1. Out of the stretch 28-42, which residues are free of Cβ contacts under 8 Å to residues at least 60 places away in the same chain and surrounded by fewer than 20 Cβ atoms within 10 Å (Cβ to Cβ)?
2. Test residue 49 against the stated conditions and say whether it is modelled with pLDDT of 95 or more, closer than 16 Å to residue 25 by Cα and among the β-branched types (Val, Ile, Thr).
3. If we keep just the residues of the stretch 43-80 that are surrounded by 12 or more Cβ atoms within 10 Å (Cβ to Cβ) and small (Gly, Ala, Ser), which is farthest from residue 22 (Cα to Cα)?
4. Just the residues that are of a type in the set (A, V, I, L, M) and loosely packed, with under 15 Cβ neighbours inside 10 Å, please, taken from the stretch 13-27.
5. Which pairs have Cβ atoms under 9 Å, sit 6 or more apart or on different chains, and link a residue in the stretch 43-67 that is among the small types (Gly, Ala, Ser) to one that is exposed (fewer than 15 other Cβ atoms within 10 Å of the Cβ) and part of a loop (DSSP other than H, G, I, E, B)?
6. Specify the residue that is farthest from residue 72 (Cα to Cα); the eligible residues are those in the stretch 1-12 that are loosely packed, with under 10 Cβ neighbours inside 10 Å and of a type outside the set (A, V, I, L, M).
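The values are calculated or read from the model by the stated rules, or taken from the named source; none is laboratory data. None of the values given here were measured: they were computed from a predicted structure. Neighbour counts are summed over all protein chains in view; Cβ atoms, including those assigned to glycine, are modelled from backbone coordinates with ideal geometry.
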Amino acid sequence: MNNFSDMLSKAKVMQEKMREAQEQIKKLEVEGVAGGELVKVILSGDYEIKSIKISDDAKKEDQEIINDLIKAAYNNAKENLKKKSTEELSKITGGLNLPVDFKLPF
């Protein structure tokens, strides 16, 4: 029974570390770019757009192209956030490959 108690204790510690990691990830900000930096998007760790910067050169383009550049920059930022989140989570979990939204059953 002692092994089970030890395992439960370790799981609770891991749960707290995961909670801390998730809080750290929410504080992250990443940049996504598109069109050779014609458009830049800053994205927070909880996928909230903080800013969109459209260069003067991009503003000369058709609206449809600008829209596509914004979407591409957002998608780039989203990928960058996934990578950064995985790095942060790996630091906390000692390299375990757990998903960012992993929840323990208690």
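1. Step one: list which residues in the stretch 28-42 are free of Cβ contacts under 8 Å to residues at least 60 places away in the same chain, which gives 29-42.
Matches in the stretch 28-42: 29, 31, 33, 35, 36, 37, 42.
2. On the way: modelled with pLDDT of 95 or more: yes; closer than 16 Å to residue 25 by Cα: yes; among the β-branched types (Val, Ile, Thr): yes.
Against the criterion (modelled with pLDDT of 95 or more, closer than 16 Å to residue 25 by Cα and among the β-branched types (Val, Ile, Thr)), residue 49 qualifies.
3. Per the stated criteria, the residue is 58.
4. Filtering the stretch 13-27 for residues of a type in the set (A, V, I, L, M) gives 13-14, 18, 21, 25.
Of everything in the stretch 13-27, just one residue is of a type in the set (A, V, I, L, M) and loosely packed, with under 15 Cβ neighbours inside 10 Å, namely 13.
5. Sorted first by the residue in the stretch 43-67, then by its partner, the pairs are 44/27; 45/27; 55/37.
6. 2
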